[in-house]
Every structure is written in C-alpha cells, then in structure tokens.
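The values are calculated or read from the model by the stated rules, or taken from the named source; none is laboratory data. Every value quoted in this text rests on a predicted model; they were computed, and no experiment measured them. Quick reminder, even Gly has a Cβ in these numbers, built from the backbone with ideal geometry, and neighbours come from all protein chains shown. Heads up: the accessible areas ignore ligands, DNA and RNA and are worked out on the full protein's heavy atoms, side chains in. Shrake-Rupley method; radii C 1.70, N 1.55, O 1.52, S 1.80 Å.
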Amino acid sequence: MRLDMDHPLRFLFIDFNGYFAAVEQHDDPALFGKPVMVIPLPSEHTGAIAASYEAKALGIKRGTTVREARAMCPGIAIRPARHERYVEVHGELMEEIGRHLPVTRVYSIDECACRLSRDEQNAEAAVAKALEVKAGISRNVGPALRSSIGIAASPLLAKLASELEKPDGLQVVHTQSLPDALAKLPLRAIPGIGEGVERRLAKAKVTDFEKLWHLPPKQARAIWGSVVGERFLYALRGHDIPDEAPKAKSMIGHSRVLSPEHQRPPEARIVARALTLKAASRLRLYKLHACRMSLGIALRPRGWLEFESHFPASQNSWTFLRELDVMWVQAVQALQRSGLWKGRMGTVYVNFSDFRTQGRDPDLFAPPGAEAREEKEAFLWAAIDKLNRAYKKQTVTLASQRGLDLNYLGVKIAFSRVPEAAEFLC
C-alpha cells in the first residue's frame with residue numbers, strides 16, 4: 001500500500017459545536033448567542049460538563065465550577081443536563097443529515113462521518129454539499145445547532161479538518177497538503193493518541209505531527225502494540241480503512257456523585273440500590289445475563305474502595321440486590337477499619353460485567369426450588385420493566401425506592417456511545 005499517493009475527498013465529518021449547550025439554546029431561543037453552561041445535576045457545588053462558545057470565550061470550560069462561572073459571567077445561564085433530550089435532538093440531526101448524505105458512522109452524540117459519492121469527491125462539490133447540510137440543519141432543525149465540518153480522504157483526516165475552524169467552520173484538507181496543513185496540531189488532539197500512546201511516541205522521538213506523518217507503518221504497529229497502530233497511520237495518510245466490527249457490550253453500570261444528604265452509609269446504600277435497579281433494567285433491555293457485579297465507593301476527603309461478586313448468570317434484580325447487601329457490609333466494615341474515612345462517601349458506582357446471552361446452567365448442588373425461583377423472579381422484573389417503559393416512568397418499583405429524589409439517575413451519554421431511547425425508560 002503506497003503512502004505517498006493523493007486521494008479523493010471521500011468523507012465529510014460533522015462535529016456539532018458545544019452540543020449540550022447548543023441544545024439548551026435551541027430549546028430556549030432566549031439563550032441563543034448568550035453564555036450557557038451545562039452541569040450534571042442542579043447544585044451550586046458541581047462543575048461544567050459543557051459550555052457554549054459564548055461561555056468558552058469568557059474562559060468557562062469543562063470542569064469550571066458554578067461559583068467560578070458566576071464570577072466570570074454573573075449573567076450566565078446554568079442548566080442541568082438533560083441526556084434524554086440530547087439523544088432526541090441527535091436523532092433529529094441524523095435524520096436531517098441523512099436527507100443530504102448517507103451517514104456512514106456515528107462516532108458520538110455530536111459527531112458523525114458521511115461518505116461522499118464519486119461526483120462529490122472534488123473540493124467544489126464537497127464544499128457545496130457541506131453548505132447544503134448546514135443550511136438544512138439550520139432550516140429544518142434549528143439555527144442554534146451549529147457545526148464544524150471537515151472534508152478529507154479518510155474519516156480521521158476529515159475529523160482533524162473539522163477541528164481547524166470552530167465554531168461553525170468548514171475546512172478541506174487534501175492529502176497532498178500534508179503534513180504541512182496539520183503541522184501545528186498537538187498529538188493529543190488526534191483521536192487514537194491518548195496519554196499512554198503519546199508517552200510511547202515520545203520515547204521513539206515522535207513529538208509532533210510531521211514526525212508522526214513520516215513514521216513507518218510497522219513502527220506504528222510496534223508503538224501501539226497491535227495492528228491498530230498500523231491502521232491508524234494508514235488512515236492518517238488518507239487511505240480508506242474499513243471500520244472494525246463493533247465490540248460486544250462488556251459492561252453496564254451507573255454511578256452517582258452523592259449529595260450531602262446521601263453521603264452517610266445508610267443513605268448512600270439507598271442510592272446504591274437505585275443504581276443497581278437501573279443497571280439491571282438496562283441489562284434486561286439488552287437481553288443479557290450478568291455473572292459479575294462490582295461496587296465502587298469514593299471516600300471523602302480521599303480514598304477508594306472496590307468490591308466484586310461472582311454468581312451464576314442472572315437477570316434478577318433481587319439476586320443483584322442480595323449481592324449488593326453482602327458487598328455493602330464488607331464496605332462498611334472496611335470503612336470502620338480505615339484511617340482515611342471521615343464518615344462520608346463521595347461517589348458510588350455499580351457495574352455488571354461478564355455477560356452471557358443465556359441464563360444459568362443447571363446446578364446439581366443448588367437448593368431445591370432455587371432455580372425455579374430465580375427464573376420466576378427474573379420474569380417478574382421483566383414484566384415490571386415493560387410496565388415502566390409503557391408509562392415512561394417508574395410506575396412500579398420497590399417501596400424502599402419510592403419518593404427517592406435523586407434528580408437524574410438515568411443513563412448518561414458516554415464519549416463514544418449514544419444511548420438508545422429505551423435506555424432512558426429503564
């Protein structure tokens with residue numbers, strides 16, 4: 001495979017600018033063009049997870065606390081995150097883009113790549129198509145949902161081109177203009193180069209884009225420790241590398257930063273139970289059975305505890321709650337022995353993993369009736385899920401969880417995964 005050849009402009013990459021904040025501006029036109037900051041939950045003691053470009057211009061960025069933001073901009077609009085709404089608008093955007101171009105791959109809630117047809121693979125036609133997409137979004141979805149578009153030979157190069165002009169940018173990167181066109185790009189700004197890879201590149205004296213560009217593919221494979229490095233380098237050179245098959249789901253979980261009233265062990269346990277029930281409902285949604293459950297607790301002011309339980313494959317929330325109770329006793333005992341603990345917990349997470357697509361195997365040593373009971377209880381929880389999704393709220397839940405005001409406890413939007421709408425009803 002030659003690395004020095006020119007390539008047609010095959011891909012258009014769309015990156016929506018300050019997406020969460022843009023949706024807030026979209027839903028409340030009075031906020032359009034004004035500083036907006038999105039926080040994970042209604043609290044004066046939290047920090048930004050997103051900021052509009054008007055807020056970014058004032059120095060407000062991810063992690064800026066509410067107090068700091070108010071000092072920088074007394075009139076800033078602060079909104080708690082509405083993950084379900086962001087997914088809903090994402091669907092509207094993908095539908096609109098699909099009217100103009102086939103969406104080849106959705107990379108995240110605010111990023112996607114589209115393949116250009118042969119007739120569109122020249123700069124003039126590709127730019128015209130990008131402007132058509134922008135106009136369609138503004139007209140049919142909303143003008144607040146601005147995007148930066150990059151056009152290049154591969155999705156990776158098109159993504160990097162989209163980073164060159166923000167907000168509301170449009171840039172074309174031809175492979176014959178490389179490495180000069182991206183020479184100023186920091187290595188960490190390139191998807192696929194994290195802290196570990198950057199450290200290994202530095203050991204190989206690859207410290208800037210130009211050196212990365214001239215790296216031999218076989219050396220890239222050695223630095224990454226797999227064929228991923230070689231694939232990465234070919235994509236960086238503009239080759240059309242097929243996407244790898246999506247990986248099977250390996251973990252389902254929920255976490256919660258505890259508010260002051262839930263930081264003592266008894267109250268934190270109720271939150272952990274709620275997290276367990278949410279994660280178990282998502283597990284059943286995907287028709288998976290878990291064999292492993294993890295409980296993690298961050299302590300205040302410092303410290304961390306983690307526990308793990310293994311059991312026969314299950315979808316049964318009561319099985320999971322029993323496992324949680326065992327781990328919770330272990331956690332409290334460990335806290336009582338710990339010199340780090342001041343009596344409060346800061347964050348709790350619950351994860352399920354080690355999945356099976358079928359239920360547990362017959363066990364000759366199980367108590368009489370245990371397997372039948374497990375099956376009936378799992379069936380009951382599946383029926384509860386169906387009711388809750390039908391009425392779009394927690395119509396049926398455990399008495400201990402009724403009236404538990406935790407603001408938003410549902411699924412979050414991860415960097416590289418867009419949740420399904422049904423997950424918000426779990």
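Side notes on the structure shown:
- Among residues of region 321-343, those that are modelled with pLDDT under 90, open to solvent by 40 Å² or more (accessible area, probe 1.4 Å) and not hydrophobic (A, V, I, L, M, F, W, C), counted: 5
- Residue in region 84-100 that is more than 30 Å from GLU244 (Cβ to Cβ), out of contact with any His (no Cβ under 8 Å at 6 or more places or on another chain) and touching a residue at least 24 places away in the same chain (Cβ under 8 Å) present: yes
- In region 97-153, the residues that are among the hydroxyl-bearing types (Ser, Thr, Tyr), under 28 Å from the mean Cα position of the chain (by Cα) and over 10 Å from LEU12 (Cβ atoms): TYR107, SER108, SER138, SER147, SER148
- Scanning region 101-141 for residues that are under 19 Å from SER154 (Cβ atoms), of a type in the set (S, T, N, Q) and free of Cβ contacts under 8 Å to residues at least 40 places away in the same chain gives a single hit, SER117.
- Meets criteria (surrounded by fewer than 17 Cβ atoms within 10 Å (Cβ to Cβ) and in contact (Cβ under 8 Å) with a residue 12 or more places away in the chain) for PRO74: no
- Restricting region 29-45 to residues that are in contact (Cβ under 8 Å) with a residue 60 or more places away in the chain and within 19 Å of the chain's Cα centre (by Cα), the residue that is nearest to ASP240 (Cα to Cα): PRO40
- Yes/no for THR175 being open to solvent by less than 20 Å² (accessible area, probe 1.4 Å) and under 19 Å from PRO8 (Cα atoms): yes
- Where ALA50 falls short, out of the listed (1) farther than 26 Å from LEU258 by Cα; (2) of a type in the set (Gly, Ala, Ser); (3) under 17 Å from the mean Cα position of the chain (by Cα): (1)
- Taking helices (runs of 4 or more DSSP H) as the structural unit, those lying wholly within region 140-240 and holding at least 2 residues that are closer than 19 Å to CYS112 by Cα correspond to 155-162, 227-236.
- Checklist (1) touching a helix residue (DSSP H, G or I) at 6+ places or on another chain (Cβ under 6 Å); (2) at pLDDT below 95; (3) aliphatic (A, V, I, L, M); (4) surrounded by 14 or more Cβ atoms within 10 Å (Cβ to Cβ) applied to ALA183, failing item: (4)
- The set of residues in region 33-50 that are surrounded by fewer than 17 Cβ atoms within 10 Å (Cβ to Cβ) and small (Gly, Ala, Ser) comprises GLY33, SER43.
- Qualifying residue in region 222-242 (condition: under 30 Å from SER309 (Cα atoms), open to solvent by less than 10 Å² (accessible area, probe 1.4 Å) and in contact with a His (Cβ under 7 Å, 6 or more places away or on another chain)): no
- Checklist (1) touching a strand residue (DSSP E or B) at 6+ places or on another chain (Cβ under 8 Å); (2) surrounded by fewer than 16 Cβ atoms within 10 Å (Cβ to Cβ) applied to ALA113, failing item: (2)
So that you can scan it fast, the table gives a plain yes or no per residue for (1) exposed (fewer than 13 other Cβ atoms within 10 Å of the Cβ); (2) within 24 Å of LEU380 (Cβ to Cβ); (3) out of contact with any strand residue (DSSP E or B) (no Cβ under 8 Å at 6 or more places or on another chain); (4) among the hydrophobic types (A, V, I, L, M, F, W, C):
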position	(1), (2), (3), (4)
ALA272	no, yes, no, yes
LEU275	no, yes, no, yes
ARG292	no, yes, no, no
TRP304	yes, no, no, yes
THR319	no, yes, no, no
GLN358	yes, yes, no, no
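- Taking region 197-208 as the range and being over 21 Å from TYR107 (Cβ atoms) and either among the aromatic types (Phe, Trp, Tyr) or open to solvent by less than 90 Å² (accessible area, probe 1.4 Å) (or both) as the test, the residues that pass are LEU201, ALA202, ALA204, VAL206, THR207, ASP208.
- Residue under evaluation ALA268, criteria (1) open to solvent by less than 30 Å² (accessible area, probe 1.4 Å); (2) modelled with pLDDT of 95 or more; (3) within 27 Å of the chain's Cα centre (by Cα), criterion not met: (2)
- Search result, residues across region 51-71 that are open to solvent by 40 Å² or more (accessible area, probe 1.4 Å) and assigned to a helix (DSSP H, G or I): TYR53, GLU54, LYS56, ARG67, GLU68, ARG70, ALA71
- Qualifying residue in region 8-28 (condition: open to solvent by less than 40 Å² (accessible area, probe 1.4 Å), in a loop (DSSP other than H, G, I, E, B) and free of Cβ contacts under 8 Å to residues at least 60 places away in the same chain): no
- Listed by first and then second residue, the pairs linking a residue in region 173-188 that is among the hydrophobic types (A, V, I, L, M, F, W, C) to a residue that is open to solvent by 80 Å² or more (accessible area, probe 1.4 Å) and in a helix (DSSP H, G or I), with Cβ atoms under 6 Å apart and 6 or more places separating them unless they lie on different chains, are ALA183/GLU210.
- Filtered by the rule that a residue be in a helix (DSSP H, G or I), out of contact with any Phe, Trp or Tyr (no Cβ under 8 Å at 6 or more places or on another chain) and free of Cβ contacts under 8 Å to residues at least 40 places away in the same chain, region 273-332 gives ARG322, ASP325, VAL326, VAL329.
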